[in-house]
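Enquirer: One structure, as structure tokens, below. Some questions next.
The values are calculated or read from the model by the stated rules, or taken from the named source; none is laboratory data. Keep in mind it's a predicted model, so treat the numbers as computed, not measured. Cβ sites come from the backbone with ideal geometry, for glycine too, and all protein chains shown count toward neighbours.
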Amino acid sequence: MVEHRFSTTTLPSVHTSSDDDSHFDYFYDTPGSMPGTLNIEADASPPVIVLIDYNEALATRLEVETPEDCIPYLDTESVSWVDVKGLGSEDVLRRLGNVFNLHPLVLEDIVNVPQRPKIEDYDDQLLVIARMVTLKSSGNGFISEQVSLILGRHYLLTVQEEPEYDCFGPIRERIRTGKGNIRKQGADYLAYSLLDSIIDGFFPVLEEYGEQIEALENEVVESPSRQTLEKIHTVKRELLGLRRAIWPQRDAINALIRDGSDLISPDVHIYLRDCYDHAIQVLDMVETYRELAASLMDVYLSSVSNKMNEIMKLLTVISSIFIPLTFIAGIYGMNFNTEKSPVNMPELNWYWGYPLVMVLMALIGVSMLFLFWRRGWFENFSTVSAKSSTAEQKQLHSSMRR
């Protein structure tokens, strides 16, 4: 009989805000600073350490008070997952570095966020820096945070920048219930599972941006406005942030597959190839959506220009009709004296002169309207079919999902 022990300690919920500029700026050291210097932000959340120790028969979860409490679990044959959420205490982080014998530069990469996603091999440890994205609760934009993974022989240390947001819930549930192979595998398989979960976390975010682009496409075609231009610019900027997150992540996974590591077994190496394939798919979707967003900007400019052309065409038609009418009215406004000469505008003395001129002017106006209609000047050549454009967009989305 397999025994499962899993505590239900509730983690504190901390709400944090994310600055959009963090999607583009990586951390850099102050010129002349000493290597291994830790720079902790003033609003960083205090770290919470959760340890999950498991083997094929048993799984235990507990919150530890100090990093030193993890030491008894690191030398066992079971897999120990130490999850640190928050970077708000330099003392705790340095003690954590002592417990896991982390190189000062490794601790610096973990604490000084954001770092560019990368993988570094330290013989008995493997450092993986990744970017994890989740949608904001408002649905507008996404939150990007750094996740550091330090893989050892029988343990995995993860350090998360934000304590509230992660996509590791299904993995914790699989460990708790013993579903799948995760309890039968080592720490390298756990590292793969977390990395694969991080990559797959991009897909819900990209689906949201696909819907936004589809809505913007209809808005650009039907009723473009200044707000539409601002929305397109925001989407382009946020997609660029996603690209900066997934591009180096893909390269890092590829480097790990190519170079290998003594800490990664051949079986897990095969799983990493699937993870790399997902990263390529995410990158392809990001590039496609960026191209669609760029084309939306062109469509917006064309729509605004076409709307102006339609206005100018209407004004031109009205002016063309009134030009001959104004000419006739101008002739009969010259006020020549008909008593001085019989050729001085004799029609002014006609009994039906005024009705005849009005009928003539009406006939001229109707004839010109008919002529413009026969030439097709009233057709709107600049109209784009929103339904067909939306259908093409949906077909593109479905093909990308396949």
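Enquirer: What number goes with the only condition from (1) without any contact (Cβ under 8 Å) to a residue 12 or more places away in the chain; (2) over 26 Å from S261 (Cβ atoms) that G97 does not pass?
Expert: Checking G97 against (1) without any contact (Cβ under 8 Å) to a residue 12 or more places away in the chain; (2) over 26 Å from S261 (Cβ atoms), the one that fails is (2).
Enquirer: Condition first: farther than 21 Å from Y189 by Cβ, in a loop (DSSP other than H, G, I, E, B) and hydrophobic (A, V, I, L, M, F, W, C). Now tell me which residues in region 98-111 satisfy that. Steps first, answer last, please.
Expert: Going through region 98-111, the residues farther than 21 Å from Y189 by Cβ turn out to be 98-99, 101-111.
Narrowing further to those that are in a loop (DSSP other than H, G, I, E, B): 101-103.
Of everything in region 98-111, just one residue is farther than 21 Å from Y189 by Cβ, in a loop (DSSP other than H, G, I, E, B) and hydrophobic (A, V, I, L, M, F, W, C), namely L102.
Enquirer: Okay, next question. Hey, can you tell me all the residues within region 313-347 that are surrounded by 13 or more Cβ atoms within 10 Å (Cβ to Cβ) and in contact with a Ser or Thr (Cβ under 8 Å, 6 or more places away or on another chain)?
Expert: N344, M345
Enquirer: Which count do you get for residues in region 70-97 that are assigned to a helix (DSSP H, G or I) and closer than 20 Å to A44 by Cβ?
Expert: Filtering region 70-97 for residues assigned to a helix (DSSP H, G or I) gives 70-74, 90-97.
Now drop any that are not closer than 20 Å to A44 by Cβ, which leaves 90-97.
Looking only at that region, the number is 8.
Enquirer: Checking G186 against (1) under 19 Å from D166 (Cα atoms); (2) in the same structural domain as G141 (by TED's automatic domain parsing), which test does it fail?
Expert: Every listed condition holds for G186 apart from (1).
Enquirer: Moving on to the next point. For region 314-328, how many residues are in contact (Cβ under 8 Å) with a residue 12 or more places away in the chain and either of a type in the set (S, T, N, Q) or not assigned by TED's automatic domain parsing to the domain that holds I364 (or both)?
Expert: Summing the residues that are in contact (Cβ under 8 Å) with a residue 12 or more places away in the chain and either of a type in the set (S, T, N, Q) or not assigned by TED's automatic domain parsing to the domain that holds I364 (or both) in region 314-328 gives 1.
Enquirer: If you don't mind, another one. (1) out of contact with any strand residue (DSSP E or B) (no Cβ under 6 Å at 6 or more places or on another chain); (2) crowded, with 17+ Cβ neighbours inside 10 Å: which one isn't true of V205, the others all being true?
Expert: (1)
Enquirer: While we're looking at this one, here's another question. Can you tell me which of S341, S389 is under 30 Å from K307 (Cβ atoms) and modelled with pLDDT under 85?
Expert: Values: S341 fails: under 30 Å from K307 (Cβ atoms).
Result of the check over S341, S389: S389.
Enquirer: Another question, then. Mind checking which residues of region 54-69 are among the acidic types (D, E) and in a loop (DSSP other than H, G, I, E, B)?
Expert: Of region 54-69, the ones among the acidic types (D, E) are 56, 63, 65, 68-69.
Answer for region 54-69, where residues must be among the acidic types (D, E) and in a loop (DSSP other than H, G, I, E, B): E56, E65.
Enquirer: Further question: Report whether or not R290 is modelled with pLDDT of 90 or more, charged (D, E, K, R), in contact with a helix residue (DSSP H, G or I) (Cβ under 7 Å, 6 or more places away or on another chain) and over 30 Å from R153 (Cβ atoms). Give the derivation first.
Expert: Working: modelled with pLDDT of 90 or more: yes; charged (D, E, K, R): yes; in contact with a helix residue (DSSP H, G or I) (Cβ under 7 Å, 6 or more places away or on another chain): yes; over 30 Å from R153 (Cβ atoms): yes.
Yes; evaluated as a whole, the condition is true for this residue.
Enquirer: With respect to S193, is the statement that it is buried (at least 22 other Cβ atoms within 10 Å of the Cβ), out of contact with any strand residue (DSSP E or B) (no Cβ under 9 Å at 6 or more places or on another chain) and closer than 14 Å to W81 by Cα true? I'd like the intermediate steps shown before the answer.
Expert: On the way: buried (at least 22 other Cβ atoms within 10 Å of the Cβ): yes; out of contact with any strand residue (DSSP E or B) (no Cβ under 9 Å at 6 or more places or on another chain): yes; closer than 14 Å to W81 by Cα: yes.
Spelling it out, S193 is indeed buried (at least 22 other Cβ atoms within 10 Å of the Cβ), out of contact with any strand residue (DSSP E or B) (no Cβ under 9 Å at 6 or more places or on another chain) and closer than 14 Å to W81 by Cα.
Enquirer: Given (1) in a helix (DSSP H, G or I); (2) over 30 Å from V220 (Cα atoms), where does S303 come up short, assuming only one miss?
Expert: Answer for S303: the failing condition is (2).
Enquirer: Right, next: Any chance region 262-277 includes a residue that's outside the structural domain of R153 (by TED's automatic domain parsing), in contact with a His (Cβ under 7 Å, 6 or more places away or on another chain) and either surrounded by 20 or more Cβ atoms within 10 Å (Cβ to Cβ) or closer than 23 Å to T288 by Cβ (or both)?
Expert: Of region 262-277, the ones outside the structural domain of R153 (by TED's automatic domain parsing) are 262-277.
Then keep just the ones that are in contact with a His (Cβ under 7 Å, 6 or more places away or on another chain); that gives none.
No, region 262-277 contains no residue that is outside the structural domain of R153 (by TED's automatic domain parsing), in contact with a His (Cβ under 7 Å, 6 or more places away or on another chain) and either surrounded by 20 or more Cβ atoms within 10 Å (Cβ to Cβ) or closer than 23 Å to T288 by Cβ (or both).
Enquirer: Check whether at least one residue in region 112-130 is within 23 Å of A187 (Cα to Cα), modelled with pLDDT of 90 or more, under 28 Å from the mean Cα position of the chain (by Cα) and among the basic types (K, R), and report yes or no.
Expert: Yes.
Enquirer: A further question on this structure: Taking the condition surrounded by 15 or more Cβ atoms within 10 Å (Cβ to Cβ), hydrophobic (A, V, I, L, M, F, W, C), within 34 Å of the chain's Cα centre (by Cα) and more than 30 Å from Y354 (Cα to Cα), does L292 pass? Talk me through it step by step, then tell me what you get.
Expert: Values: surrounded by 15 or more Cβ atoms within 10 Å (Cβ to Cβ): yes; hydrophobic (A, V, I, L, M, F, W, C): yes; within 34 Å of the chain's Cα centre (by Cα): yes; more than 30 Å from Y354 (Cα to Cα): yes.
Against the criterion (surrounded by 15 or more Cβ atoms within 10 Å (Cβ to Cβ), hydrophobic (A, V, I, L, M, F, W, C), within 34 Å of the chain's Cα centre (by Cα) and more than 30 Å from Y354 (Cα to Cα)), L292 qualifies.
Enquirer: While we're on this one: Tell me the residue from L156, L190, L206, L195 that is within 19 Å of R61 (Cβ to Cβ), in contact with a Leu (Cβ under 8 Å, 6 or more places away or on another chain) and not in a strand (DSSP E or B), please.
Expert: On inspection, the qualifying residue turns out to be L190.
Enquirer: Starting from region 251-262, take each residue that is closer than 14 Å to L127 by Cβ and list its partners that are assigned to a loop (DSSP other than H, G, I, E, B) and not acidic (D, E), counting only C-beta distances under 6 angstrom and pairs at least six apart or across chains.
Expert: Here the result reads A252/P117, each pair linking region 251-262 to a residue that is assigned to a loop (DSSP other than H, G, I, E, B) and not acidic (D, E).
Enquirer: Sticking with this structure for a sec: Taking region 72-111 on its own, how many of its residues are within 31 Å of the chain's Cα centre (by Cα), crowded, with 19+ Cβ neighbours inside 10 Å and not β-branched (V, I, T)?
Expert: 8
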